[in-house]
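**Student:** There's a structure below that I have some questions on.
The values are calculated or read from the model by the stated rules, or taken from the named source; none is laboratory data. Being a predicted model, the structure only gives us computed values, none of them experimental. Every residue, glycine among them, receives a Cβ derived from its backbone with ideal geometry; neighbour counts consider all protein chains shown. Each accessible area value is taken on the protein alone, full model and side chains, heavy atoms only, with ligands, DNA and RNA left out. Shrake-Rupley method; radii C 1.70, N 1.55, O 1.52, S 1.80 Å.
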Amino acid sequence: MDVNAAKLTDVVARLKRVQGQLGGIIRMIEEGRDCSDVVTQLAAASRALDKAGFKIISTGLRQCIAEDTDGTQRVNEAELERLFLSLA
């Protein structure tokens, strides 16, 4: 699935924030921080990644179900379902 990068600037920003979060989580572990604090931050990073994935799929959805010049769909419904479920 190819998506328009210009439409995903907010996703890139979200992923950069997650990148920073992951660095913070690594430092927390290295510093021996409380387990519940680490897990809380991991959960937040995980949710942010999920949201980025859903945004990528939803942005590309219209493009994915569009037909190629020969009349075939670029991605069929089963493939779209698989993409969504991969984030669940």
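**Student:** For L85 and E31 in the same chain, what is the full-extension length gain: residue separation times 0.36 nm, less their Cα-Cα distance, in nm?
**Tutor:** Here the segment from L85 to E31 would lengthen by 15.9 nm.
**Student:** Please list, short to long, the whole-number percent of alpha-carbon pairs of region 1-61 in consecutive 5 angstrom bins beginning at zero.
**Tutor:** Taking every Cα pair in region 1-61, the percentages come to 4, 19, 24, 17, 13, 10, 7, 5, 1.
**Student:** Something else: Once the piece of chain linking V12 and T40 is laid out straight, how much longer is it, given 0.36 nm per residue of separation minus the C-alpha distance between them?
**Tutor:** Between V12 and T40, full extension yields 7.8 nm more.
**Student:** Any idea of D37's accessible area? Nearest 10 Å², probe 1.4 Å.
**Tutor:** 60 Å²
**Student:** I'd like the trypsin sites (Lys or Arg not before Pro) in region 1-48 restricted to DSSP loop residues with at most 11 other Cβ atoms within 10 Å, sorted by number.
**Tutor:** none
**Student:** Let me ask you something else. Provide the per residue accessible area, probe 1.4 Å, for region 1-60, rounded to a whole number of square angstrom.
**Tutor:** 66 Å²
**Student:** Please compute the net charge surrounding G20, taking Lys and Arg as +1 and Asp and Glu as -1 over other residues with Cβ under 12 Å from its Cβ.
**Tutor:** +4
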